[in-house]
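The values are calculated or read from the model by the stated rules, or taken from the named source; none is laboratory data. Because the structure is a prediction, the values reported are computed rather than measured. Cβ coordinates were reconstructed from backbone atoms using ideal geometry, including for glycine residues, and neighbour counts include every protein chain displayed. Areas reflect the complete protein model, heavy atoms only, side chains present, ligands, DNA and RNA absent. Shrake-Rupley method; radii C 1.70, N 1.55, O 1.52, S 1.80 Å.
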Amino acid sequence: MKHLGVIAASVLVFFLQGPVYVRHMWDRLPDAGDSIINAWILAWNAHALSDSSLSVWDAPLFYPIENALTFSETLFGNLWLTLPVQYITGNHVLTANVLLFFSFILSSYCVFLLAYNLTGHYGASLAAGLIFSFHPYRWFHASHLQLLPIFWTPLAFIFAIRFFKSRRRVPFFLMLLMIWMQYYSCIYLGTMLVITLGIYTLFFFCFGEQGRERFRLVLDPGMLKLMFAGLAGSVLVLLPLGWPYIQTARKLGFVRSLSENSLYSAEPLSFILGISENSGAYQFLNRIPLDIRVGEGAVFLGLVPICLLVLNRVLNSRREKLFNKDQKLMQRSFFWTGIILMILMLGPYLVIFNEATAIPMPYQLFYYIFPGARAMRVPGRFFQPLLLCVSILAAFSISGFMKKTLGWAQWKKLGAVLLFACFLSFDYSISENEGEVMESVGEMPPVYDYLAGGSADSPILEIPVKISPYRYLHYQTSHWRPKIGGTSGWITPYVDRLAGLLDKKPSPRAFKRINKSRADTVVIHLNLYGEEAGHAWEKADFSRIGFRFAGRFEDALVWERLVINNVDSVLRLDGRTDSR
């Protein structure tokens, strides 16, 4: 019943705290940008896995590039939650929102489990789960759905700590399983888990052991064999996930620069003044006449976590025996792990008043040494592992405080709990967001009914290219035909060049580009252009480059490429025929 109570409390907080869109899961997403990409990825996974003729890696974007799914996260590790919903309902918006729901609930529950394993105090552990999972930072990243299923991370810590204490193989391999699942859920989260767990391990043995025992994982022959076995197993398990990314990075040169990492770093003042735009209680701080890094650098911890951190330091400085030796070790390890994570969040160069200085930071070591680090670009996202450390320390603070107040009358204890709940609800309040209404298949523009009737492997080009690319992904779920162009975590240079020509009035170069493209179908969305450009595209004659007019569907014009005896009939811009 205690575990059901944690889940029930988490569900209640989710719907009470959550914005309007969480109560419209069937047809709303947090925004009309990255939310659509993640919903599309989940829908594509379900579609590709149900059709043996398709490769899930060759997502129908940026045609004819291979491994297009590697332009973003795969979300494979979340399919155990999403596939049943997608197959039963056929609604990818609901599917994405179900993952959003479980990401909050399971993260809260798993942090509770970690805190309960360490403190043994139910109320403090429940508070730790809520403090972590429902922090405004996580609501701010609701559109970045890939970052929210972090519930494997606290489970990895549970088994890691059991392994450190017992040296048994079972918790070691269970720890590895949690790490693998976190990687398959989100490579970003998996990488941050390994970094955080590595830092924690160093402090755990530094503070908890003496002499050679501090190095027993690498000096003890049995432990060393176990480490190598775990490393080899991890390579075998993660290689199917990582190899397509490695191929894409080598082929297309996908690397995030240090300057890009610096752009998405935090600065020291961000931890106390970096207020995210969805924080409901502290927007007045944004009126302070200081230019502080916000956006991905908005990493204000909140007053409740900060106060509980201060309380933790105070309780540990007293001579009273509120915590045993193991609990003190855990607190020191999590505290210093959090300090290192804060330093990493500052990025490759120190940022002061929203300006990057030339002062190098330790993040550069991580960037150059850790495998895959050059594909990451947001040091500020180490906030979630930091928040995990803070939440565990908060659990110790609350449990220690409860021990000190054992002699209090019941009404005082109840008053303290209510005061804490009110303070937390104020601290964690978020601004309202109605979300973006997403049409179901039957409500989509009629041109997509037409596209669904075409050949499944016949590529299409929708123009304008980059004015409304996210909606194109939403509508693509109705037909799954390959797209020339698209949008994702990465965008190819070809798409940029295509948009430079086709997102304005038609020109000879624009027609030449369309002619050279592999598109069998061209869709022109007149309503997305300005009046002058839209009128020009409406009058454009694609028959001069080998297309026939297929019809008008409300504000969309469709042109189909002519095919004669399986040979494209291509017309030069001057009207003369050139067969190839």
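A few points about this structure:
- In region 245-275, the residues that are surrounded by fewer than 14 Cβ atoms within 10 Å (Cβ to Cβ) and of a type in the set (Val, Ile, Thr): 255
- Complete set of residues in region 61-76 that are in a loop (DSSP other than H, G, I, E, B) and either open to solvent by 10 Å² or more (accessible area, probe 1.4 Å) or more than 22 Å from residue 143 (Cα to Cα) (or both): 62, 63, 64, 65, 66, 67, 72, 73
- Residues being in contact (Cβ under 8 Å) with a residue 12 or more places away in the chain, under 30 Å from residue 375 (Cα atoms) and not aromatic (Phe, Trp, Tyr) - total across region 191-231: 12
The rows are residues; the columns are (1) touching a His at 6+ places or on another chain (Cβ under 9 Å); (2) under 19 Å from residue 112 (Cβ atoms).
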site	(1), (2)
144	no, no
148	yes, yes
160	no, yes
167	no, no
173	no, no
179	no, no
186	no, no
191	no, no
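- Search result, residues across region 293-337 that are crowded, with 23+ Cβ neighbours inside 10 Å and among the β-branched types (Val, Ile, Thr): 299, 337
- Residues of region 80-117 that are over 24 Å from residue 23 (Cβ atoms) and open to solvent by less than 20 Å² (accessible area, probe 1.4 Å): 110, 111, 112, 114, 115.
- Some residue of region 28-50 being more than 30 Å from residue 519 (Cβ to Cβ), open to solvent by 30 Å² or more (accessible area, probe 1.4 Å) and not aromatic (Phe, Trp, Tyr): yes
- Among the conditions (1) assigned to a helix (DSSP H, G or I); (2) touching a Gly at 6+ places or on another chain (Cβ under 9 Å); (3) surrounded by fewer than 17 Cβ atoms within 10 Å (Cβ to Cβ), the only one that residue 371 does not satisfy is (1).
- Residue check, residue 242 of a type outside the set (Lys, Arg) and either more than 20 Å from residue 71 (Cβ to Cβ) or surrounded by 14 or more Cβ atoms within 10 Å (Cβ to Cβ) (or both): yes
- Filtered by the rule that a residue be in a helix (DSSP H, G or I), of a type outside the set (A, V, I, L, M, F, W, C) and open to solvent by 40 Å² or more (accessible area, probe 1.4 Å), region 374-422 gives 374, 403, 404, 410, 412, 413.
- Scope region 530-557; condition touching a Pro at 6+ places or on another chain (Cβ under 8 Å), open to solvent by 20 Å² or more (accessible area, probe 1.4 Å) and in a loop (DSSP other than H, G, I, E, B); matching residues: 554, 555
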